[in-house]
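**Q** Structure provided below as structure tokens; questions to follow.
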Amino acid sequence: MTLASDLLDQAQHLALVDPGRPRQASLRRAVSAAYYSLFHLIVDDAVRYLVPTASLRAAVARTFEHKDVKSAARTISEIQRGSAPWLASHVRLPISVALASVCDTLVDLHDQRHAADYDLSATFTRGVVNSKLAMAVSAHGNWSRERRSHNARVFMLAAGGLLVKR
Amino acid sequence: MSYLLEPKLKAELEKLGLGADVERVSATIRQNYQGEDVLAFDVVVKDELALAKPSRQTGDLFTGIAMTLRQRAAKAGVPLFASVNFLAHSEATRTTKKSA
């Protein structure tokens, strides 16, 4: 089991832990864990792709910034929907729906994670949280199909700050 | 500052045709925690779907609906990221504030 899959399992456990009226704390931690599961899934693959020396991968993984990963994900999604931002010159069109959906889910979960951890005025319901977790499960599956594709590698390079806007 | 969607655009974004599980769609512009405007879709679905244990099957279904709504927004010329939240029918009326 990887950290990413363990976090996804933990998110699902937290979402279901209160069978009656769910505690906000459980739902909020579920959303947060779901985001981190996807973040670590992508970063783990990125460092495996980029760093041949296994003992150095954890140190390189620490250099990945959440905002850069989110920005790269958002850019890939924009290209898939017909925009032509700076990263477009590096990808091979078309961007698959599967990769775009992974990127969309990551961007969405990033914002939700922030609300879950910091916005005390937000209310999370079981339905909203279950749907976020289900989309995270879907994103894990789609990523396993896409992770070795050229466009996924462009995404990982941009997420690591190795492809930058000139 | 948040903006209101022009009524014709809002109606276009909120049209159904997203499958039998979708009861209602509402589109608004909200701000995320970074102060960025986000197009927020709240999609009310049947309880048995929204309250089901999260699975790949339900995830693929939600993801497909979200992708359709994002394509719809892109075609309508909305340049904002679309956040898509799925609410259970029984929860929709009880929720007073949603995060972007």
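**Q** Can you classify region B:1-67 as rounded, prolate or oblate using the Cα gyration tensor, where a ≥ b ≥ c are the square roots of its eigenvalues, rounded means a/c under 1.5, and otherwise it's prolate if a/b beats b/c and oblate if not? Mind dumping the intermediate values first?
**A** On the way: a/c = 2.71, a/b = 1.57, b/c = 1.72.
Note, shape of region B:1-67 comes out oblate.
**Q** Compute the distance in nm between two label points, each set 7 Å from the Cα along the Cα-to-Cβ direction, one at B:Lys46 and one at A:Leu93.
**A** If labels sit at B:Lys46 and A:Leu93, their model points lie 4.0 nm apart.
**Q** Quote the FRET efficiency, to the nearest 0.05, computed for A:Ser149 versus A:Leu50 with a Förster distance R0 of 22 Å and r equal to the Cβ-Cβ distance.
**A** Values: r = 16 Å, r/R0 = 0.71.
Approximately 0.90, to the nearest 0.05.
**Q** Still on this model: Need the full-extension length gain, A:His66 to A:Met1, defined as separation in residues times 0.36 nm minus the C-alpha distance. One decimal, nm. Write down the numbers at each step before the final one.
**A** On the way: separation 65, 0.36 × 65 = 23.40 nm, distance 2.31 nm.
Result for the pair: 21.1 nm of gain on full extension.
**Q** Continuing with this model, one more query. Take B:Lys15, A:Lys70, B:Lys46 and order them by how many other Cβ atoms sit within 10 Å, fewest up front.
**A** B:Lys15, B:Lys46, A:Lys70
**Q** Excluding residues on the same chain fewer than 8 positions from B:Lys10, give the aspartates and glutamates whose Cα lies under 14 Å from its Cα.
**A** B:Asp42
**Q** May I ask for the net charge around B:Arg70, where only other residues with Cβ less than 13 Å from the Cβ of B:Arg70 are counted and Lys, Arg are +1 while Asp, Glu are -1?
**A** Computed value for this residue: +1.
**Q** If you rank A:Phe64, A:Phe155, B:Phe41 by fewest surrounding Cβ atoms within 10 Å, what's the result?
**A** A:Phe64, B:Phe41, A:Phe155
**Q** Another one. Using only the Cα atoms, work out Rg/Rh for the protein assembly as shown, with Rh taken as the Kirkwood radius, to two decimals.
**A** Here the Rg-to-Rh quotient is 0.95.
**Q** Gap in Å between the Cα centre of region B:33-47 and the Cα centre of region A:1-55?
**A** Each part's Cα centre sits 22 Å from the other's.
**Q** Counting only helical runs of four or more DSSP H residues, what would the 222 nm mean residue ellipticity of chain B come to if each run contributes -39,500 (n - 2.57) and the total is spread over all its residues? Intermediate results must be reported in sequence, preceding the final value.
**A** Working: 4 runs with 35 residues, N = 100.
After summing the helix terms and dividing by the residues of chain B, the value is -10000 deg cm²/dmol.
**Q** Under the rule a/c < 1.5 gives rounded, and otherwise a/b versus b/c splits prolate from oblate, where does region A:14-95 land using the Cα gyration tensor?
**A** oblate
**Q** May I have the extent of the alpha carbons of region A:1-159 along their three principal axes, as whole Å values ordered from largest to smallest?
**A** Extents along the principal axes, in whole Å: 50, 40, 26.
Every number here is computed from the coordinates shown, using simple stated rules; none is lab data. Everything numeric here is computed off the predicted structure, so don't read it as measured data. In this analysis, Cβ positions are derived from the backbone assuming ideal geometry, glycine residues included, and neighbour counts consider all displayed protein chains.
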